[in-house]
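K.L.:
To start, I am sharing the structure in question, which I have written as structure tokens.
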Amino acid sequence: MTPAISISRRLRSTPFTSRVTEAGVKSYTVYNHMLLPTSFRSLEEDYWHLCNHVQVWDVSCERQVEIKGPDAFRLIQLMTPRDLGNAKFGMCFYVPVCDEDGKILNDPIAIKHDDNHWWLSIADSDVILWAKGLATGYGLDVKITEPDVWPLAVQGPKAEELVARVFGDETKDIRFFRYQNINYRGKEMLVARSGWSKRGGFEIYVNDAELGQQLWDDLFSQGEDLNVGPGCPNQIERMESSLLSYGNEVDSSNTPLECGLDKYVNLDADIESLSIEALRKQKNETGVKQQLMGVIVHADPKTSLGGSLYEGANEDNEDNESDKKLVGEIRSQVWSPRYQVHLAFAMCQLSGIEGKTEFTVDTNSDKGKGTAKATLATLPFNFTELALELELELESELNL
């Protein structure tokens, strides 16, 4: 029996909570002190529906940290080692937010409204406290708030058609990680081509609670022939797409250089960033000693992987613990019905994996404990290079 979540004022509701309930949500997680749906049908059924059709996600838990004032840009730049000097209105940026040691505190999307007005659309940590602390410590002229904005995502291959029906054909011209402010029933809403899937879609930053429910209803009524359905971020799809989840495979013990986020760190830029010197030192002096890697395991679908990755053990010698050399920590895992393998993300010690090709993970199944061979891969997964052919057609046997 799965334990229930006791809902109180500590877990804030959203304008879409009643609609999500009516749509048959089966499970939640807690994200930024809010409820985030995690399943409607089943993990796999939700996955295939997302791959084939279009879904509406309540992602109000992506809270906005609003920074306004003459020093808004200075504060944003202090928080990230990514150079935002060329940011313009209408652009969105993925930015690692790091502390003075270069450790990741969050990985939000930065949205520039104008030079003195920014949003950080955050992952699961209290970024507003860090922003307020920096603003106070540096004596910055800014106002930092969490506005009443509730993002609603429309994701899937038919998302563009559905959003165009509701907001107009101008949405088709929005480029990836760009946005426009578009009128919806008399209210301007920010519509961005973005979202936590690689199936294509938009995020609508709803700024009116009553209109939010109307928008939900409009999306479902306008998308009936597109097989629109309720959905949520899907573990299978996001891991196949190598999308990272803060608090799972990435947390405050890691730097961007350890997580494959090098392209979002501008170490040669002349910027005032709190973390830049620590990251330069790691790259040029101390070196990167651990790295987030992909893991592929061929095992029964009902098997679950243990939390450790080993070098030196094998299936015929699974009980000899002395032969096991720990080289990595598995942080997220999922069974891929598309490729018929287990996928995992592991933080690996580079000294333990260098020059080696054979690795082992512990497993658990209805047959008891065991081990399985594991293959390491760089991220993002390149399934063609890994010679993993599709085992199932896009249209699954689930009659979605």
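The values are calculated or read from the model by the stated rules, or taken from the named source; none is laboratory data. Quick caveat: nothing in here was measured; it's all calculated off a predicted structure. Methodologically, a virtual Cβ is constructed for each residue, glycine included, from the backbone with ideal geometry; neighbour enumeration extends over all protein chains shown.
K.L.:
Can you find a residue that is out of contact with any Gly (no Cβ under 6 Å at 6 or more places or on another chain) and among the β-branched types (V, I, T) anywhere in the range 248-268?
P.N.:
So far as the range 248-268 goes, yes, one or more of its residues are out of contact with any Gly (no Cβ under 6 Å at 6 or more places or on another chain) and among the β-branched types (V, I, T).
K.L.:
So which residues in the range 47-68 are more than 20 Å from K132 (Cα to Cα) and in a strand (DSSP E or B), if there are any at all?
P.N.:
V54, Q55, V56, W57, D58
K.L.:
Right, here's the next one. Has the range 241-254 got any residue that is within 30 Å of Y339 (Cβ to Cβ), in contact with a Pro (Cβ under 6 Å, 6 or more places away or on another chain) and surrounded by 20 or more Cβ atoms within 10 Å (Cβ to Cβ)?
P.N.:
Scanning the range 241-254, I find no residue that is within 30 Å of Y339 (Cβ to Cβ), in contact with a Pro (Cβ under 6 Å, 6 or more places away or on another chain) and surrounded by 20 or more Cβ atoms within 10 Å (Cβ to Cβ), so the answer is no.
K.L.:
Within the group L129, L140, which residue is over 22 Å from D208 (Cα atoms), at pLDDT 95 or above and in contact with a helix residue (DSSP H, G or I) (Cβ under 6 Å, 6 or more places away or on another chain)?
P.N.:
Answer to the check: L140.
K.L.:
It is to be established whether one or more residues within the range 65-83 are more than 15 Å from S273 (Cα to Cα) and under 21 Å from the mean Cα position of the chain (by Cα). Give the steps one after another, and end with the answer.
P.N.:
Of all residues in the range 65-83, those more than 15 Å from S273 (Cα to Cα) come to 65-70.
Among the residues that remain, those that are also under 21 Å from the mean Cα position of the chain (by Cα) are: 65-66.
Checked the range 65-83: at least one residue is more than 15 Å from S273 (Cα to Cα) and under 21 Å from the mean Cα position of the chain (by Cα).
K.L.:
Taking D217 as the residue in question, decide whether it is part of a loop (DSSP other than H, G, I, E, B), surrounded by fewer than 20 Cβ atoms within 10 Å (Cβ to Cβ) and not aliphatic (A, V, I, L, M).
P.N.:
So D217 fails the test.
K.L.:
Still on this structure: Among the residues of the range 364-385, what is the count of those that are in a strand (DSSP E or B), under 23 Å from the mean Cα position of the chain (by Cα) and hydroxyl-bearing (S, T, Y)?
P.N.:
So the first thing to find is which residues in the range 364-385 are in a strand (DSSP E or B), and the list is 364-365, 368-377.
Cutting the leftovers down to under 23 Å from the mean Cα position of the chain (by Cα) gives us 376-377.
If we keep only those that are hydroxyl-bearing (S, T, Y) as well, we get none.
Residues in the range 364-385 being in a strand (DSSP E or B), under 23 Å from the mean Cα position of the chain (by Cα) and hydroxyl-bearing (S, T, Y): 0 in total.
K.L.:
Kindly establish whether D316 is outside any loop (DSSP other than H, G, I, E, B), at pLDDT below 95 and over 25 Å from W130 (Cα atoms).
P.N.:
yes
K.L.:
State the number of residues belonging to the range 345-386 that are surrounded by fewer than 14 Cβ atoms within 10 Å (Cβ to Cβ), under 21 Å from T303 (Cα atoms) and of a type outside the set (D, E).
P.N.:
4
K.L.:
Where the second residue is not in a loop (DSSP other than H, G, I, E, B) and the first is without any contact (Cβ under 8 Å) to a residue 24 or more places away in the chain and lies in the range 151-165, which pairs have Cβ atoms under 8 Å and are six or more apart or on separate chains?
P.N.:
Sorted first by the residue in the range 151-165, then by its partner, the pairs are A164/T171; A164/K172.
Results for (1) outside the structural domain of F176 (by TED's automatic domain parsing); (2) not in a loop (DSSP other than H, G, I, E, B), shown as yes or no for each residue.
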| site | (1), (2) |
| --- | --- |
| E45 | no, yes |
| P70 | yes, no |
| P81 | yes, no |
| K88 | yes, no |
| G102 | yes, no |
| A110 | yes, yes |
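K.L.:
Residues in the range 203-225: is at least one within 24 Å of the chain's Cα centre (by Cα) and without any contact (Cβ under 8 Å) to a residue 24 or more places away in the chain?
P.N.:
no
K.L.:
A further question follows. Out of S6, S18, which single residue is small (G, A, S), part of a loop (DSSP other than H, G, I, E, B) and more than 21 Å from the chain's Cα centre (by Cα)? Spell out how you get there, then give the answer.
P.N.:
On the way: S18 fails: part of a loop (DSSP other than H, G, I, E, B).
The conditions single out S6.
K.L.:
Then there is this: When you look at V97, is it touching a residue at least 24 places away in the same chain (Cβ under 8 Å), in contact with a helix residue (DSSP H, G or I) (Cβ under 6 Å, 6 or more places away or on another chain), within 21 Å of V206 (Cβ to Cβ) and crowded, with 22+ Cβ neighbours inside 10 Å, yes or no?
P.N.:
Spelling it out, it is not the case that V97 is touching a residue at least 24 places away in the same chain (Cβ under 8 Å), in contact with a helix residue (DSSP H, G or I) (Cβ under 6 Å, 6 or more places away or on another chain), within 21 Å of V206 (Cβ to Cβ) and crowded, with 22+ Cβ neighbours inside 10 Å.
K.L.:
Just the residues that are surrounded by 15 or more Cβ atoms within 10 Å (Cβ to Cβ) and small (G, A, S), please, taken from the range 28-56.
P.N.:
From the range 28-56, those surrounded by 15 or more Cβ atoms within 10 Å (Cβ to Cβ) are 28-29, 31-32, 34-41, 43-56; that's our starting set.
Of everything in the range 28-56, just one residue is surrounded by 15 or more Cβ atoms within 10 Å (Cβ to Cβ) and small (G, A, S), namely S39.
K.L.:
With (1) modelled with pLDDT of 95 or more; (2) surrounded by fewer than 21 Cβ atoms within 10 Å (Cβ to Cβ) as the list, and V59 as the residue in question, which single condition is left unmet?
P.N.:
Status for V59: all satisfied but (2).
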